Amino acid sequence: MSEPNFNLGGGIQTGSLRPNYQDQNTIRTESNHPVRRESSGSGQFRNIAQLEEYGKNNNPQSPEVQRKILQQREQSQREQREQREREQEQRERQKNGTERRLEEVYQRGQNVALVSSVPSLKLDYNEPVGLKPIGKTSFANCILQILYWSLPEIHRQFYDYRFVNDRVKDVNMSTAIELEKMVVEIGRLFAVLNAFDYSFADPNKFIDSIQLGDYSVTDLDSMKFYEDLIKTLGVALSQSSTKKFDETYFTIKETIEYTRNSDKTAIRAPEYSTRTKINIPVANFTDLMSSYQSTLTEKIENFPVSSKGKTASVTKTVYPSEFPPIVCFHLDRTQNKRLNNSENVFRFDKEITLESYHKSEIEYPENYAPLQNRLAQLENFQGSGKSVLEILGLSLQVAQEAVANEYILNWTKEKYEQYTKELNQTKSEINQIKEKYGDDTPTTESHQYLLSGIIVHEGQQGLGHYFVFIHQQETDSWYRFSDTNVTQMKEKEVFQISFGKMSSTQTCALFYRVANSTSQFPSPPPQLTDYVSKLSSQQKKESDYMSETEKQLQQPKQQQQQQ
(Lines give C-alpha, C1' and ligand atoms only; values in the text may rest on other atoms or scores of the structure.)
Protein backbone atom coordinates (compact mmCIF):
# COMPACT_ATOMS: atom_id res chain seq x y z
CA MET A 1 0.00 0.00 0.00
CA SER A 2 1.49 3.33 -1.04
CA GLU A 3 1.92 6.16 1.42
CA PRO A 4 0.14 9.48 0.78
CA ASN A 5 2.27 12.37 -0.59
CA PHE A 6 1.51 15.74 1.07
CA ASN A 7 2.50 18.98 -0.65
CA LEU A 8 1.74 21.55 2.01
CA GLY A 9 3.05 24.45 -0.05
CA GLY A 10 0.77 24.05 -3.07
CA GLY A 11 -2.05 21.75 -2.19
CA ILE A 12 -2.31 18.11 -1.06
CA GLN A 13 -1.60 15.07 -3.20
CA THR A 14 -3.03 11.80 -1.84
CA GLY A 15 -2.50 8.09 -2.43
CA SER A 16 -4.81 5.33 -1.25
CA LEU A 17 -5.60 5.42 2.40
CA ARG A 18 -7.95 2.99 4.13
CA PRO A 19 -9.76 4.59 7.03
CA ASN A 20 -10.10 2.74 10.29
CA TYR A 21 -13.78 3.00 10.97
CA GLN A 22 -13.38 1.17 14.26
CA ASP A 23 -11.23 3.93 15.75
CA GLN A 24 -13.08 5.66 18.58
CA ASN A 25 -11.45 8.97 17.67
CA THR A 26 -12.83 8.81 14.10
CA ILE A 27 -16.08 10.43 13.03
CA ARG A 28 -17.83 10.82 9.71
CA THR A 29 -18.38 14.11 7.95
CA GLU A 30 -21.34 15.00 5.76
CA SER A 31 -19.33 13.84 2.73
CA ASN A 32 -18.92 10.44 4.39
CA HIS A 33 -15.15 10.98 4.86
CA PRO A 34 -13.74 9.97 8.22
CA VAL A 35 -11.92 12.69 10.15
CA ARG A 36 -9.74 12.01 13.16
CA ARG A 37 -10.43 13.99 16.31
CA GLU A 38 -7.68 16.06 17.91
CA SER A 39 -6.65 14.53 21.13
CA SER A 40 -5.60 17.89 22.55
CA GLY A 41 -8.90 19.54 21.74
CA SER A 42 -7.16 22.82 20.88
CA GLY A 43 -7.32 22.47 17.09
CA GLN A 44 -3.73 23.87 16.79
CA PHE A 45 -0.43 22.23 15.78
CA ARG A 46 2.95 23.17 17.16
CA ASN A 47 4.76 22.56 13.89
CA ILE A 48 4.41 21.26 10.35
CA ALA A 49 5.43 17.72 11.40
CA GLN A 50 2.37 17.43 13.63
CA LEU A 51 0.20 18.62 10.77
CA GLU A 52 1.72 16.02 8.40
CA GLU A 53 1.16 13.28 10.97
CA TYR A 54 -2.41 14.40 11.33
CA GLY A 55 -2.81 14.26 7.54
CA LYS A 56 -1.50 10.70 7.35
CA ASN A 57 -4.21 9.48 9.67
CA ASN A 58 -7.04 11.49 8.10
CA ASN A 59 -8.33 12.20 4.63
CA PRO A 60 -6.46 15.35 3.38
CA GLN A 61 -9.36 16.28 1.10
CA SER A 62 -11.78 16.71 3.96
CA PRO A 63 -12.92 20.27 4.81
CA GLU A 64 -11.69 19.81 8.35
CA VAL A 65 -8.14 19.08 7.24
CA GLN A 66 -8.17 22.00 4.78
CA ARG A 67 -9.43 24.33 7.49
CA LYS A 68 -6.70 23.30 9.88
CA ILE A 69 -4.03 23.77 7.19
CA LEU A 70 -5.22 27.34 6.60
CA GLN A 71 -5.31 28.02 10.32
CA GLN A 72 -1.75 26.78 10.64
CA ARG A 73 -0.55 29.00 7.82
CA GLU A 74 -2.21 32.06 9.36
CA GLN A 75 -0.68 31.28 12.72
CA SER A 76 2.75 30.88 11.13
CA GLN A 77 2.47 34.23 9.35
CA ARG A 78 1.27 35.91 12.53
CA GLU A 79 4.21 34.52 14.50
CA GLN A 80 6.65 35.74 11.84
CA ARG A 81 5.10 39.22 11.89
CA GLU A 82 5.27 39.38 15.67
CA GLN A 83 8.88 38.28 15.52
CA ARG A 84 9.75 41.08 13.09
CA GLU A 85 8.01 43.61 15.32
CA ARG A 86 9.98 42.40 18.33
CA GLU A 87 13.22 42.69 16.38
CA GLN A 88 12.27 46.22 15.26
CA GLU A 89 11.53 47.24 18.84
CA GLN A 90 14.84 45.82 19.91
CA ARG A 91 16.68 47.80 17.23
CA GLU A 92 14.87 50.96 18.35
CA ARG A 93 15.96 50.38 21.94
CA GLN A 94 19.53 49.85 20.79
CA LYS A 95 19.73 53.21 19.03
CA ASN A 96 22.34 55.45 20.55
CA GLY A 97 21.83 59.12 21.45
CA THR A 98 23.19 60.39 18.13
CA GLU A 99 20.67 58.41 16.09
CA ARG A 100 17.81 59.66 18.22
CA ARG A 101 18.96 63.26 17.75
CA LEU A 102 19.16 62.78 14.01
CA GLU A 103 15.67 61.31 14.03
CA GLU A 104 14.40 64.36 15.90
CA VAL A 105 15.91 66.63 13.26
CA TYR A 106 14.05 64.82 10.49
CA GLN A 107 10.82 64.90 12.48
CA ARG A 108 11.12 68.69 12.61
CA GLY A 109 11.02 68.75 8.84
CA GLN A 110 14.70 69.41 8.24
CA ASN A 111 14.91 67.19 5.15
CA VAL A 112 18.09 68.87 3.98
CA ALA A 113 21.75 68.54 4.80
CA LEU A 114 22.37 68.89 8.51
CA VAL A 115 24.96 71.64 8.29
CA SER A 116 23.16 73.77 5.65
CA SER A 117 19.93 73.79 7.66
CA VAL A 118 21.55 75.69 10.54
CA PRO A 119 22.53 79.38 10.20
CA SER A 120 26.12 80.19 10.99
CA LEU A 121 27.28 83.00 13.26
CA LYS A 122 27.99 86.19 11.28
CA LEU A 123 31.63 87.23 11.16
CA ASP A 124 30.70 90.87 10.56
CA TYR A 125 27.83 92.64 12.32
CA ASN A 126 26.97 94.55 9.12
CA GLU A 127 26.78 91.36 7.07
CA PRO A 128 23.28 91.02 5.46
CA VAL A 129 20.91 88.37 6.79
CA GLY A 130 19.26 85.85 4.46
CA LEU A 131 15.77 84.33 4.75
CA LYS A 132 14.88 80.68 5.04
CA PRO A 133 12.57 79.42 2.24
CA ILE A 134 9.15 78.23 3.37
CA GLY A 135 7.94 75.94 0.60
CA LYS A 136 7.71 77.73 -2.76
CA THR A 137 8.18 81.22 -1.37
CA SER A 138 11.53 82.34 -2.75
CA PHE A 139 9.74 85.19 -4.56
CA ALA A 140 8.28 86.37 -1.23
CA ASN A 141 11.77 86.42 0.29
CA CYS A 142 12.96 88.57 -2.63
CA ILE A 143 10.17 91.12 -2.10
CA LEU A 144 10.83 91.27 1.65
CA GLN A 145 14.54 91.89 1.13
CA ILE A 146 13.80 94.69 -1.37
CA LEU A 147 11.35 96.39 0.99
CA TYR A 148 13.86 96.21 3.83
CA TRP A 149 16.92 97.47 1.94
CA SER A 150 15.27 99.96 -0.45
CA LEU A 151 13.10 101.90 2.00
CA PRO A 152 14.74 102.36 5.41
CA GLU A 153 12.27 105.18 6.11
CA ILE A 154 9.34 102.74 6.35
CA HIS A 155 10.96 100.66 9.11
CA ARG A 156 9.86 103.06 11.81
CA GLN A 157 6.20 102.65 10.85
CA PHE A 158 6.43 98.92 11.54
CA TYR A 159 8.57 99.27 14.66
CA ASP A 160 6.28 101.84 16.30
CA TYR A 161 2.98 100.31 15.22
CA ARG A 162 0.35 100.25 17.93
CA PHE A 163 -3.02 98.62 17.49
CA VAL A 164 -6.02 100.92 17.88
CA ASN A 165 -9.57 99.64 17.55
CA ASP A 166 -10.62 102.36 15.12
CA ARG A 167 -7.31 102.48 13.26
CA VAL A 168 -8.41 100.28 10.38
CA LYS A 169 -11.63 101.54 8.88
CA ASP A 170 -14.20 99.62 6.87
CA VAL A 171 -13.14 96.21 8.24
CA ASN A 172 -14.52 94.07 11.04
CA MET A 173 -12.66 93.39 14.28
CA SER A 174 -11.39 89.93 13.31
CA THR A 175 -9.89 91.33 10.09
CA ALA A 176 -8.36 94.24 12.01
CA ILE A 177 -6.67 91.81 14.41
CA GLU A 178 -5.27 89.81 11.49
CA LEU A 179 -3.91 93.01 9.93
CA GLU A 180 -2.38 93.97 13.25
CA LYS A 181 -0.64 90.60 13.49
CA MET A 182 0.79 91.01 9.99
CA VAL A 183 2.23 94.47 10.74
CA VAL A 184 3.68 93.29 14.06
CA GLU A 185 5.32 90.28 12.39
CA ILE A 186 6.88 92.29 9.57
CA GLY A 187 8.21 94.71 12.22
CA ARG A 188 9.78 91.79 14.07
CA LEU A 189 11.20 90.40 10.84
CA PHE A 190 12.77 93.75 9.90
CA ALA A 191 14.25 93.98 13.41
CA VAL A 192 15.78 90.52 12.91
CA LEU A 193 17.23 91.56 9.53
CA ASN A 194 18.66 94.61 11.28
CA ALA A 195 20.33 93.01 14.31
CA PHE A 196 20.34 89.20 14.04
CA ASP A 197 23.65 87.53 14.92
CA TYR A 198 23.26 84.67 12.43
CA SER A 199 23.46 84.31 8.66
CA PHE A 200 19.75 83.78 7.97
CA ALA A 201 16.39 84.02 9.73
CA ASP A 202 13.05 82.23 9.53
CA PRO A 203 10.17 84.33 8.07
CA ASN A 204 7.60 81.63 8.80
CA LYS A 205 5.58 83.68 11.32
CA PHE A 206 5.22 86.57 8.90
CA ILE A 207 4.31 84.26 5.99
CA ASP A 208 1.65 82.63 8.16
CA SER A 209 0.30 86.02 9.27
CA ILE A 210 -0.48 87.10 5.70
CA GLN A 211 -1.99 83.73 4.73
CA LEU A 212 0.15 83.47 1.62
CA GLY A 213 -2.00 80.89 -0.16
CA ASP A 214 -1.11 78.76 -3.16
CA TYR A 215 1.18 81.03 -5.16
CA SER A 216 2.98 79.24 -7.98
CA VAL A 217 6.58 79.93 -9.01
CA THR A 218 5.99 82.31 -11.92
CA ASP A 219 7.10 85.91 -12.18
CA LEU A 220 3.46 87.00 -12.57
CA ASP A 221 2.71 85.55 -9.16
CA SER A 222 5.73 87.25 -7.63
CA MET A 223 4.29 90.56 -8.84
CA LYS A 224 0.84 89.57 -7.61
CA PHE A 225 2.33 88.94 -4.18
CA TYR A 226 4.04 92.35 -4.31
CA GLU A 227 0.83 94.18 -5.24
CA ASP A 228 -1.28 92.30 -2.69
CA LEU A 229 1.26 92.91 0.07
CA ILE A 230 1.51 96.65 -0.63
CA LYS A 231 -2.26 96.98 -0.79
CA THR A 232 -2.76 95.06 2.46
CA LEU A 233 -0.11 97.08 4.26
CA GLY A 234 -1.80 100.22 2.99
CA VAL A 235 -5.06 99.13 4.63
CA ALA A 236 -3.34 98.12 7.87
CA LEU A 237 -1.44 101.40 8.19
CA SER A 238 -4.18 103.64 6.80
CA GLN A 239 -4.56 105.63 10.02
CA SER A 240 -0.89 105.85 10.97
CA SER A 241 -0.27 109.01 8.93
CA THR A 242 -2.10 111.69 6.96
CA LYS A 243 -1.44 109.76 3.73
CA LYS A 244 -1.94 106.12 3.03
CA PHE A 245 1.14 103.93 3.27
CA ASP A 246 0.83 102.50 -0.26
CA GLU A 247 0.07 105.88 -1.85
CA THR A 248 2.99 107.57 -0.12
CA TYR A 249 5.73 105.08 -0.98
CA PHE A 250 4.64 102.92 -3.92
CA THR A 251 1.80 104.47 -5.98
CA ILE A 252 2.34 106.09 -9.38
CA LYS A 253 -0.31 108.70 -10.23
CA GLU A 254 -1.18 109.35 -13.86
CA THR A 255 -3.47 111.46 -16.08
CA ILE A 256 -4.83 109.80 -19.21
CA GLU A 257 -6.05 111.81 -22.20
CA TYR A 258 -7.69 110.71 -25.47
CA THR A 259 -7.30 112.89 -28.59
CA ARG A 260 -8.75 112.43 -32.05
CA ASN A 261 -6.02 111.65 -34.59
CA SER A 262 -7.69 113.68 -37.34
CA ASP A 263 -7.65 117.06 -35.63
CA LYS A 264 -5.85 116.44 -32.29
CA THR A 265 -8.89 117.52 -30.28
CA ALA A 266 -9.78 115.94 -26.94
CA ILE A 267 -12.78 113.62 -27.12
CA ARG A 268 -13.42 113.30 -23.40
CA ALA A 269 -12.40 114.69 -20.03
CA PRO A 270 -9.03 113.48 -18.66
CA GLU A 271 -8.99 110.29 -16.58
CA TYR A 272 -6.96 109.79 -13.43
CA SER A 273 -5.46 106.43 -12.44
CA THR A 274 -2.95 104.91 -10.03
CA ARG A 275 -0.78 101.80 -10.07
CA THR A 276 2.02 100.25 -8.05
CA LYS A 277 4.00 98.82 -10.97
CA ILE A 278 4.67 99.62 -14.62
CA ASN A 279 4.33 96.76 -17.09
CA ILE A 280 7.23 96.82 -19.55
CA PRO A 281 6.93 94.74 -22.74
CA VAL A 282 10.18 92.93 -23.50
CA ALA A 283 9.33 91.64 -26.97
CA ASN A 284 10.63 93.88 -29.79
CA PHE A 285 12.62 96.07 -27.38
CA THR A 286 16.24 96.00 -26.27
CA ASP A 287 16.27 98.47 -23.38
CA LEU A 288 14.08 99.67 -20.51
CA MET A 289 13.55 103.35 -21.37
CA SER A 290 12.53 102.83 -25.01
CA SER A 291 10.01 100.23 -23.89
CA TYR A 292 8.75 102.54 -21.14
CA GLN A 293 8.24 105.44 -23.56
CA SER A 294 6.20 103.16 -25.82
CA THR A 295 3.76 102.51 -22.98
CA LEU A 296 2.93 106.22 -22.64
CA THR A 297 1.22 106.53 -26.04
CA GLU A 298 -1.10 104.11 -27.82
CA LYS A 299 -3.06 104.49 -31.05
CA ILE A 300 -6.54 102.97 -30.88
CA GLU A 301 -8.75 102.37 -33.90
CA ASN A 302 -12.55 102.32 -33.75
CA PHE A 303 -12.63 103.97 -30.36
CA PRO A 304 -16.21 104.82 -29.27
CA VAL A 305 -16.70 108.59 -29.15
CA SER A 306 -20.49 108.85 -28.78
CA SER A 307 -23.42 106.97 -27.29
CA LYS A 308 -24.81 106.43 -30.82
CA GLY A 309 -21.99 104.04 -31.68
CA LYS A 310 -19.81 106.49 -33.57
CA THR A 311 -16.10 105.60 -33.50
CA ALA A 312 -12.87 107.34 -34.40
CA SER A 313 -9.14 106.79 -34.55
CA VAL A 314 -7.66 108.20 -31.34
CA THR A 315 -4.41 108.37 -29.42
CA LYS A 316 -4.26 107.48 -25.75
CA THR A 317 -1.57 109.43 -23.90
CA VAL A 318 -0.45 108.75 -20.34
CA TYR A 319 1.01 111.66 -18.37
CA PRO A 320 2.67 110.54 -15.11
CA SER A 321 1.89 113.23 -12.56
CA GLU A 322 3.61 111.83 -9.47
CA PHE A 323 6.29 109.20 -8.85
CA PRO A 324 6.78 107.51 -5.44
CA PRO A 325 10.12 106.86 -3.70
CA ILE A 326 10.13 103.33 -5.15
CA VAL A 327 9.21 102.62 -8.78
CA CYS A 328 8.70 99.01 -9.86
CA PHE A 329 9.06 97.95 -13.50
CA HIS A 330 7.61 94.50 -14.24
CA LEU A 331 9.23 92.99 -17.34
CA ASP A 332 6.31 91.43 -19.19
CA ARG A 333 7.42 88.44 -21.26
CA THR A 334 3.95 87.06 -22.08
CA GLN A 335 4.32 88.07 -25.74
CA ASN A 336 7.89 86.81 -25.94
CA LYS A 337 7.86 83.22 -27.20
CA ARG A 338 11.56 82.77 -26.57
CA LEU A 339 12.19 80.94 -23.35
CA ASN A 340 15.53 82.35 -22.28
CA ASN A 341 17.21 85.71 -22.02
CA SER A 342 20.28 84.79 -24.04
CA GLU A 343 18.17 85.13 -27.21
CA ASN A 344 16.76 88.50 -26.13
CA VAL A 345 19.22 90.74 -24.27
CA PHE A 346 17.31 93.49 -22.44
CA ARG A 347 19.39 96.33 -20.98
CA PHE A 348 18.72 98.92 -18.31
CA ASP A 349 20.79 101.64 -16.67
CA LYS A 350 21.91 101.99 -13.08
CA GLU A 351 20.50 105.54 -13.09
CA ILE A 352 17.41 106.71 -14.99
CA THR A 353 15.44 109.96 -15.36
CA LEU A 354 11.64 109.93 -15.12
CA GLU A 355 9.58 112.96 -16.06
CA SER A 356 6.30 113.91 -14.44
CA TYR A 357 3.75 116.24 -15.98
CA HIS A 358 1.89 118.75 -13.85
CA LYS A 359 -1.23 120.50 -15.02
CA SER A 360 -3.03 123.07 -12.92
CA GLU A 361 -6.64 122.29 -12.09
CA ILE A 362 -8.33 125.51 -13.26
CA GLU A 363 -12.04 126.03 -13.89
CA TYR A 364 -12.16 127.96 -17.16
CA PRO A 365 -15.30 129.52 -18.68
CA GLU A 366 -17.42 127.41 -21.01
CA ASN A 367 -16.00 128.97 -24.20
CA TYR A 368 -12.41 127.93 -23.32
CA ALA A 369 -12.69 124.28 -24.46
CA PRO A 370 -14.23 125.16 -27.87
CA LEU A 371 -11.49 127.75 -28.41
CA GLN A 372 -8.84 125.13 -27.64
CA ASN A 373 -10.44 122.66 -30.05
CA ARG A 374 -10.70 125.28 -32.80
CA LEU A 375 -7.05 126.22 -32.31
CA ALA A 376 -6.08 122.57 -32.63
CA GLN A 377 -8.07 122.28 -35.88
CA LEU A 378 -6.46 125.37 -37.36
CA GLU A 379 -2.94 124.25 -36.42
CA ASN A 380 -3.48 120.69 -37.66
CA PHE A 381 -5.74 121.05 -40.68
CA GLN A 382 -7.71 117.83 -41.27
CA GLY A 383 -5.02 115.76 -39.55
CA SER A 384 -2.34 116.71 -42.09
CA GLY A 385 0.14 117.86 -39.47
CA LYS A 386 0.22 121.31 -41.11
CA SER A 387 -1.65 124.46 -40.17
CA VAL A 388 -4.34 125.88 -42.41
CA LEU A 389 -2.14 128.90 -43.12
CA GLU A 390 0.70 126.69 -44.38
CA ILE A 391 -1.64 124.92 -46.78
CA LEU A 392 -3.26 128.14 -48.04
CA GLY A 393 0.17 129.74 -48.38
CA LEU A 394 1.27 126.95 -50.73
CA SER A 395 -1.98 127.23 -52.64
CA LEU A 396 -1.52 131.00 -52.97
CA GLN A 397 2.00 130.52 -54.30
CA VAL A 398 0.80 128.04 -56.90
CA ALA A 399 -2.08 130.33 -57.91
CA GLN A 400 0.28 133.25 -58.40
CA GLU A 401 2.82 131.31 -60.46
CA ALA A 402 0.93 128.71 -62.45
CA VAL A 403 -2.76 129.57 -62.54
CA ALA A 404 -3.83 132.38 -64.89
CA ASN A 405 -7.19 132.72 -63.16
CA GLU A 406 -7.83 135.89 -61.24
CA TYR A 407 -10.91 134.44 -59.48
CA ILE A 408 -8.96 131.54 -57.95
CA LEU A 409 -6.15 133.86 -56.94
CA ASN A 410 -8.52 136.30 -55.22
CA TRP A 411 -10.42 133.48 -53.47
CA THR A 412 -7.19 132.02 -52.13
CA LYS A 413 -6.04 135.44 -50.86
CA GLU A 414 -9.40 136.01 -49.22
CA LYS A 415 -9.34 132.62 -47.43
CA TYR A 416 -5.74 133.13 -46.32
CA GLU A 417 -6.62 136.50 -44.77
CA GLN A 418 -9.79 135.04 -43.19
CA TYR A 419 -8.00 132.12 -41.49
CA THR A 420 -5.12 134.35 -40.44
CA LYS A 421 -7.55 136.65 -38.70
CA GLU A 422 -9.41 133.73 -37.08
CA LEU A 423 -6.20 132.09 -35.91
CA ASN A 424 -4.88 135.29 -34.35
CA GLN A 425 -8.22 136.05 -32.73
CA THR A 426 -8.48 132.51 -31.27
CA LYS A 427 -5.00 132.73 -29.82
CA SER A 428 -5.73 136.16 -28.40
CA GLU A 429 -8.92 135.02 -26.66
CA ILE A 430 -7.15 131.96 -25.19
CA ASN A 431 -4.31 134.14 -23.87
CA GLN A 432 -6.78 136.57 -22.31
CA ILE A 433 -8.52 133.71 -20.48
CA LYS A 434 -5.20 132.34 -19.24
CA GLU A 435 -4.11 135.76 -18.02
CA LYS A 436 -7.31 136.04 -16.04
CA TYR A 437 -7.68 132.48 -14.72
CA GLY A 438 -4.14 131.10 -14.92
CA ASP A 439 -2.13 128.87 -17.28
CA ASP A 440 -2.93 125.12 -17.46
CA THR A 441 -0.10 124.26 -19.81
CA PRO A 442 1.58 121.10 -18.43
CA THR A 443 5.00 121.61 -16.91
CA THR A 444 7.56 118.84 -16.67
CA GLU A 445 9.75 117.90 -13.73
CA SER A 446 12.68 115.50 -13.88
CA HIS A 447 13.32 112.89 -11.19
CA GLN A 448 16.54 110.92 -10.80
CA TYR A 449 16.26 107.26 -9.75
CA LEU A 450 18.94 104.71 -8.82
CA LEU A 451 18.63 100.98 -9.39
CA SER A 452 17.94 99.33 -6.05
CA GLY A 453 16.83 95.74 -6.71
CA ILE A 454 16.67 93.18 -9.53
CA ILE A 455 14.50 90.08 -9.19
CA VAL A 456 15.77 87.22 -11.36
CA HIS A 457 14.15 83.88 -12.13
CA GLU A 458 16.46 80.94 -12.69
CA GLY A 459 15.29 77.79 -14.44
CA GLN A 460 12.61 76.84 -16.92
CA GLN A 461 9.42 78.79 -17.41
CA GLY A 462 6.93 77.81 -14.68
CA LEU A 463 9.64 76.11 -12.61
CA GLY A 464 12.84 77.12 -10.93
CA HIS A 465 13.94 79.56 -8.27
CA TYR A 466 13.92 83.31 -7.56
CA PHE A 467 16.84 85.36 -6.27
CA VAL A 468 17.42 89.10 -6.04
CA PHE A 469 20.34 91.47 -6.54
CA ILE A 470 20.24 94.41 -4.12
CA HIS A 471 22.38 97.53 -4.24
CA GLN A 472 23.50 99.05 -0.95
CA GLN A 473 23.78 102.76 -1.51
CA GLU A 474 26.01 103.53 1.50
CA THR A 475 28.82 101.22 0.41
CA ASP A 476 27.96 101.18 -3.33
CA SER A 477 28.08 97.38 -3.24
CA TRP A 478 25.89 94.64 -4.69
CA TYR A 479 24.65 91.51 -2.92
CA ARG A 480 22.90 88.44 -4.23
CA PHE A 481 20.13 87.17 -1.90
CA SER A 482 19.14 83.61 -2.71
CA ASP A 483 17.05 82.64 0.32
CA THR A 484 19.59 81.64 3.00
CA ASN A 485 22.65 82.34 0.84
CA VAL A 486 23.90 85.93 0.69
CA THR A 487 26.89 86.67 -1.55
CA GLN A 488 28.62 89.93 -2.40
CA MET A 489 28.83 90.42 -6.17
CA LYS A 490 30.75 92.59 -8.60
CA GLU A 491 28.59 95.09 -10.47
CA LYS A 492 29.75 93.75 -13.83
CA GLU A 493 28.59 90.25 -12.93
CA VAL A 494 25.24 91.55 -11.72
CA PHE A 495 24.44 93.25 -15.02
CA GLN A 496 25.82 90.39 -17.08
CA ILE A 497 23.36 88.00 -15.45
CA SER A 498 20.46 90.47 -15.37
CA PHE A 499 20.75 91.62 -18.99
CA GLY A 500 20.10 88.06 -20.15
CA LYS A 501 23.56 86.83 -21.07
CA MET A 502 23.03 83.67 -19.01
CA SER A 503 20.85 81.10 -20.76
CA SER A 504 19.06 79.93 -17.60
CA THR A 505 18.07 83.31 -16.08
CA GLN A 506 15.35 85.87 -16.75
CA THR A 507 14.99 89.26 -15.09
CA CYS A 508 11.41 89.61 -13.84
CA ALA A 509 11.29 92.99 -12.12
CA LEU A 510 13.38 96.12 -11.55
CA PHE A 511 13.09 98.40 -8.52
CA TYR A 512 14.39 101.98 -8.70
CA ARG A 513 14.79 104.19 -5.67
CA VAL A 514 14.67 107.98 -5.83
CA ALA A 515 18.15 109.50 -5.67
CA ASN A 516 19.32 111.42 -2.59
CA SER A 517 16.92 109.53 -0.34
CA THR A 518 17.91 108.46 3.15
CA SER A 519 20.07 105.37 3.48
CA GLN A 520 20.29 105.24 7.28
CA PHE A 521 18.54 102.32 8.91
CA PRO A 522 16.72 103.19 12.15
CA SER A 523 17.49 101.03 15.18
CA PRO A 524 14.67 98.84 16.46
CA PRO A 525 12.99 99.95 19.70
CA PRO A 526 13.98 98.24 23.00
CA GLN A 527 11.13 95.70 22.94
CA LEU A 528 12.16 94.48 19.48
CA THR A 529 15.84 94.52 20.43
CA ASP A 530 15.02 92.20 23.33
CA TYR A 531 13.03 90.00 20.94
CA VAL A 532 16.01 89.69 18.59
CA SER A 533 18.38 88.97 21.51
CA LYS A 534 16.17 86.13 22.75
CA LEU A 535 15.92 84.78 19.23
CA SER A 536 19.71 84.87 18.87
CA SER A 537 20.14 83.03 22.19
CA GLN A 538 17.63 80.42 21.13
CA GLN A 539 19.41 80.03 17.80
CA LYS A 540 22.75 79.62 19.59
CA LYS A 541 21.37 76.72 21.62
CA GLU A 542 19.95 75.13 18.51
CA SER A 543 23.22 75.60 16.60
CA ASP A 544 25.27 74.14 19.46
CA TYR A 545 22.89 71.20 19.65
CA MET A 546 23.11 70.55 15.91
CA SER A 547 26.89 70.98 15.88
CA GLU A 548 27.26 68.41 18.66
CA THR A 549 24.97 66.05 16.75
CA GLU A 550 27.05 66.51 13.62
CA LYS A 551 30.26 65.69 15.51
CA GLN A 552 28.75 62.50 16.91
CA LEU A 553 27.59 61.52 13.45
CA GLN A 554 31.10 61.98 12.11
CA GLN A 555 32.75 59.87 14.85
CA PRO A 556 31.74 56.43 13.47
CA LYS A 557 32.95 57.43 10.00
CA GLN A 558 36.29 58.61 11.39
CA GLN A 559 36.68 55.39 13.36
CA GLN A 560 35.99 53.32 10.26
CA GLN A 561 38.56 55.32 8.31
CA GLN A 562 41.16 54.82 11.06
CA GLN A 563 40.51 51.07 11.10
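The values are calculated or read from the model by the stated rules, or taken from the named source; none is laboratory data. Because the structure is predicted, anything quoted here is derived from the model rather than measured. Glycine also receives a Cβ, built like all others from the backbone with ideal geometry; neighbour counts cover every protein chain displayed. These accessible areas exclude ligands, DNA and RNA; they are computed on the full protein's heavy atoms, side chains included. Shrake-Rupley method; radii C 1.70, N 1.55, O 1.52, S 1.80 Å.
So the values come out like this:
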| item | result |
| --- | --- |
| Relative intensity, log₁₀ I(q)/I(0), of region 354-460 from a Debye sum that treats every alpha carbon as a point, q = 0.19 Å⁻¹ | -1.02 |
| Residues of region 464-508 with amide N under 15 Å of the 7 Å Cα→Cβ point at S120 | 484-488 |
| Subset of K308/K427; K277/K299; K277/K534; K277/K359; K299/K413 violating a 30 Å alpha-carbon distance limit | K308/K427; K277/K534; K299/K413 |
| Computed FRET value (nearest 0.05) for Q432 with E548, which takes r as the C-beta separation and R₀ as 60 Å | 0.10 |
| Computed E for Q88/K132 - FRET, C-beta separation, R0 41 angstrom, nearest 0.05 | 0.75 |
| Solvent accessible area, Å² - E92, 1.4 Å probe, full protein context | 90 Å² |
| Amide H contacts under 5 Å for I280, placed H, 5+ residues apart | H330, L331, D332 |
| Protection proxy ranking, peptides 297-307, 387-397, 466-476, average beta carbon neighbours within 10 Å, highest first | 466-476, 387-397, 297-307 |
| Ranking by accessible area, most exposed first, for Y407, Y449 with a 1.4 Å probe | Y407, Y449 |
| Estimated FRET transfer efficiency when R0 is 41 angstrom, pair L70-L463 (beta carbons, to 0.05) | 0.15 |
| Gained length - K224 relative to W411, 0.36 nm times residue gap less alpha-carbon distance | 60.9 nm |
